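Shown next, in structure tokens, is the structure this report addresses.
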Amino acid sequence: MDEMIDMVPGAERNLLRYLLILIDVSIIPKNELNKGHPALQALLETLQLASQGKLVAEFEHIADHFTAIKHDPRTKSWLHSLVRYALAVSKIGKELVIKAFSKILDEKEAEKMATSTMQELKDEGEAKFGRNAVLSVLRKRFTKVPPKIETAIFQMNDPIALESLHSYALDSQTLDEFANALK
């Protein structure tokens, strides 16, 4: 299986947890999406609009679904997940993210939530870039990287630590020397 999918060695045992059901939501009539729980409605509309390239134009409307359930303790988490997805797949700006969070939070908390959500994604992107950079150097220099080293690198999320590790990857004479830097 790992010949077909680029993954960390040993990850195949967890693969079934992450299989996605692909549904072409762009063909579902909008009035059919409007039946059910508001969070589900928002999710389905988000997927549909993203598949049609209309997510940015309609995102504020999608967030309206959460006003009906804003007192549910799970609502903040649901909207946070939806915003993270929208940010990942479209060019939604901070102003629109703040408007979305303002549907369930006061303005000050909405701005704080928008800022922290956007920073989370930025940090995750930097960490991913750092992990890939380190692994790229190791693969170029040593051809095969042991699974333990790959796993240790994939578990790192600190961009600064990954930058230092990148230097070690460039300067280490052997994989053992590099592995010692991981400890």
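The values are calculated or read from the model by the stated rules, or taken from the named source; none is laboratory data. This one's a predicted model, so the numbers in the text were calculated from it and none came from an experiment. Cβ sites come from the backbone with ideal geometry, for glycine too, and all protein chains shown count toward neighbours.
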Go through (1) closer than 29 Å to Glu177 by Cβ; (2) touching a residue at least 24 places away in the same chain (Cβ under 8 Å); (3) β-branched (Val, Ile, Thr) one by one and return the number of the condition Ile104 breaks. (1)
Please state which one of Lys91, Lys70, Lys103, Lys76 is out of contact with any helix residue (DSSP H, G or I) (no Cβ under 8 Å at 6 or more places or on another chain) and basic (Lys, Arg). Lys70
Return the pair list, or none, for Cβ contacts closer than 9 Å from residues in segment 154-183 that are surrounded by 12 or more Cβ atoms within 10 Å (Cβ to Cβ) to residues that are of a type outside the set (Ser, Thr, Tyr) and part of a loop (DSSP other than H, G, I, E, B), at least 6 apart or on different chains. Phe154/Val8; Leu162/Met156; Leu165/Met156; Leu175/Lys144; Leu175/Val145; Leu175/Pro146; Ala179/Pro146; Leu182/Met156
Flagged in segment 75-97 as at pLDDT 85 or above and surrounded by fewer than 18 Cβ atoms within 10 Å (Cβ to Cβ), in numbering order, are Lys76, Ser77, His80, Ser81, Arg84, Tyr85, Lys91, Gly93, Lys94, Glu95
Among the numbered conditions (1) buried (at least 17 other Cβ atoms within 10 Å of the Cβ); (2) closer than 30 Å to Ile92 by Cα, tell me where Val145 comes up short. (2)
Quick one: His65 ticks every box in (1) buried (at least 17 other Cβ atoms within 10 Å of the Cβ); (2) closer than 30 Å to Ala181 by Cβ; (3) touching a Pro at 6+ places or on another chain (Cβ under 7 Å) bar one, so which box is it? (2)
Has segment 121-128 got at least one residue that is touching a residue at least 24 places away in the same chain (Cβ under 8 Å) and either β-branched (Val, Ile, Thr) or in contact with a Ser or Thr (Cβ under 9 Å, 6 or more places away or on another chain) (or both)? no
